[in-house]
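Colleague: Pasting a structure here, questions to come.
The values are calculated or read from the model by the stated rules, or taken from the named source; none is laboratory data. Since the model is a prediction, treat every value here as computed from it, not as a measurement. Positions of Cβ are backbone-derived with ideal geometry, glycine not excepted, and every protein chain shown enters the neighbour counts.
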Amino acid sequence: MKKTLFSTLLLSASVFSIAQVGIDTNNPKTTLDVNGSFATRESSVAITGSTATLDIKNAFYKITGGTANFSIVFSTTAPVGGVIQNGQRIVIYNDTNFEGSYNSFKIPSKTAQEFIYSGGAWYSVKAASNTPSQLKWFYAPSMVLDTSYTTTARTYNVYENYKKQFTNTGSESNVNYGPTGTITTIPIYNSSADFDYVITGYDKSVFYEVSINSSGVLSYKVNGAATDKTFMNIVFVPKN
């Protein structure tokens with residue numbers, strides 16, 4: 001009886017001793033406690049056609065090659081056991097000259113982004129370092145509309161105006177404001193499909209039959225002379 005009890009205690013102590021693992025520490029505070037730096041091996045993936053396929057065997061992938069914007073595809077089965085575990089993380093570095101995308105998540109050229117698996121899908125952990133912060137909404141930049149009288153609908157591409165102003169490719173050059181004065185472009189959403197567009201208000205004494213489509217193209221008619229109080233407010237709502 002005593003021998004059996006002693007063996008049981010030894011087994012329990014042995015199980016307890018491996019409950020926490022310390023690397024370069026004798027006093028681990030978590031299940032895995034690393035006292036120092038660590039690295040994950042890089043796996044290079046070349047784009048085939050317009051797709052970069054990740055086998056999800058590793059934690060860090062560098063995507064290379066390509067001749068145009070491309071899509072990222074994750075393997076649907078795990079290399080061990082077949083079932084992808086919730087919480088698996090993968091970092092992707094886009095080493096191409098083009099934009100990569102997974103569903104609606106974007107990875108611009110020369111930036112890295114982390115993804116985490118949960119509930120049957122991969123999700124972006126945060127915005128890539130060269131993309132806009134994940135705003136809920138923002139107003140469209142100032143625009144110059146033709147307000148001369150007309151009964152024919154005029155159009156104006158609000159998204160393209162935003163893109164030109166933020167990338168400094170319009171008719172007016174940006175004036176830099178900052179300690180270095182080296183900001184030439186502002187991170188943008190690269191597709192008009194990245195937004196919903198909402199006209200929140202406009203001067204009804206000047207504009208009528210006002211609408212905006214899913215590509216960010218405004219349509220309007222003018223029934224009166226504009227004044228210094230004439231306005232139109234348009235909001236960009238990022239879809240992700």
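Colleague: Got a sec? Which of Ile188, Ile199 is more than 16 Å from Tyr156 (Cβ to Cβ) and of a type in the set (A, V, I, L, M)? Quick ask: steps written out before the conclusion?
Modeller: On the way: Ile199 fails: more than 16 Å from Tyr156 (Cβ to Cβ).
Matching residue, one of Ile188, Ile199: Ile188.
Colleague: Would you confirm whether or not region 147-158 contains a residue that is aliphatic (A, V, I, L, M), in a strand (DSSP E or B) and either surrounded by fewer than 16 Cβ atoms within 10 Å (Cβ to Cβ) or at pLDDT 90 or above (or both)?
Modeller: Of the residues in region 147-158, the ones aliphatic (A, V, I, L, M) are 153, 158.
This time we only want the ones that are in a strand (DSSP E or B), so: 153.
Checking which are either surrounded by fewer than 16 Cβ atoms within 10 Å (Cβ to Cβ) or at pLDDT 90 or above (or both) leaves us with 153.
Looking through region 147-158, at least one residue is aliphatic (A, V, I, L, M), in a strand (DSSP E or B) and either surrounded by fewer than 16 Cβ atoms within 10 Å (Cβ to Cβ) or at pLDDT 90 or above (or both).
Colleague: Another question, if that's okay. Does region 135-154 hold any residues that are among the aromatic types (Phe, Trp, Tyr) and within 19 Å of Pro187 (Cβ to Cβ), and which are they?
Modeller: Selection gives Trp137, Phe138, Tyr139.
Colleague: Then there's this: Give the residue that is nearest to Asp24 (Cα to Cα), with candidates limited to residues of region 35-57 that are of a type in the set (Val, Ile, Thr) and in a loop (DSSP other than H, G, I, E, B).
Modeller: Of region 35-57, the ones of a type in the set (Val, Ile, Thr) are 40, 45, 47-48, 51, 53, 56.
Imposing the further condition that a residue be in a loop (DSSP other than H, G, I, E, B) reduces the set to 40, 47, 56.
Working: Thr40: 18, Ile47: 39, Ile56: 29 Å.
Restricting to residues being of a type in the set (Val, Ile, Thr) and in a loop (DSSP other than H, G, I, E, B), the top hit is Thr40.
Colleague: Do you know which residues across region 115-132 are at pLDDT 90 or above and over 16 Å from Gln85 (Cα atoms)?
Modeller: Matches in region 115-132: none.
Colleague: Only residues that are of a type outside the set (Gly, Ala, Ser) and surrounded by 16 or more Cβ atoms within 10 Å (Cβ to Cβ): list them for region 211-229, please. Show your work before the answer.
Modeller: At the first step, the residues of region 211-229 found to be of a type outside the set (Gly, Ala, Ser) are 212-213, 217-218, 220-223, 227-229.
Passing the criteria: Ile212, Val217, Leu218, Tyr220, Val222.
Colleague: Something else now. If Thr96 meets every condition in (1) at pLDDT below 90; (2) over 21 Å from Gly216 (Cβ atoms) apart from one, which number is that one?
Modeller: If we test Thr96 against (1) at pLDDT below 90; (2) over 21 Å from Gly216 (Cβ atoms), just (1) comes out false.
Colleague: Might you let me know whether region 195-206 holds any residue that is crowded, with 16+ Cβ neighbours inside 10 Å and in contact with a helix residue (DSSP H, G or I) (Cβ under 8 Å, 6 or more places away or on another chain)?
Modeller: For region 195-206, residues crowded, with 16+ Cβ neighbours inside 10 Å and in contact with a helix residue (DSSP H, G or I) (Cβ under 8 Å, 6 or more places away or on another chain): present.
Colleague: So for region 72-86 (the condition being in contact (Cβ under 8 Å) with a residue 12 or more places away in the chain, within 27 Å of Asn190 (Cβ to Cβ) and over 17 Å from the mean Cα position of the chain (by Cα)), does at least one residue qualify?
Modeller: As a first pass, look at region 72-86 and keep what is in contact (Cβ under 8 Å) with a residue 12 or more places away in the chain: 72-75, 78-79, 84-86.
When the remaining residues are screened for being within 27 Å of Asn190 (Cβ to Cβ), the result is 72-75.
Going one step further and asking which of them are over 17 Å from the mean Cα position of the chain (by Cα), we end up with 75.
Taking every residue of region 72-86 in turn, at least one turns out to be in contact (Cβ under 8 Å) with a residue 12 or more places away in the chain, within 27 Å of Asn190 (Cβ to Cβ) and over 17 Å from the mean Cα position of the chain (by Cα).
Colleague: I'm trying to understand the selection: among the residues of region 58-87, which are outside any loop (DSSP other than H, G, I, E, B) and either at pLDDT below 90 or in contact with a helix residue (DSSP H, G or I) (Cβ under 8 Å, 6 or more places away or on another chain) (or both)? Even if it seems obvious, please write down each step before you answer.
Modeller: First, the residues of region 58-87 that are outside any loop (DSSP other than H, G, I, E, B): 60-64, 70-74, 78, 82.
Across region 58-87, the qualifying residues are Ala78, Gly82.
Colleague: Quick one: which of Ile90, Ile56, Ile72, Ile107 is touching a Pro at 6+ places or on another chain (Cβ under 8 Å) and not hydroxyl-bearing (Ser, Thr, Tyr)? Even if it seems obvious, please write down each step before you answer.
Modeller: On the way: Ile90 fails: touching a Pro at 6+ places or on another chain (Cβ under 8 Å); Ile72 fails: touching a Pro at 6+ places or on another chain (Cβ under 8 Å); Ile107 fails: touching a Pro at 6+ places or on another chain (Cβ under 8 Å).
None of the others qualify; the one that does is Ile56.
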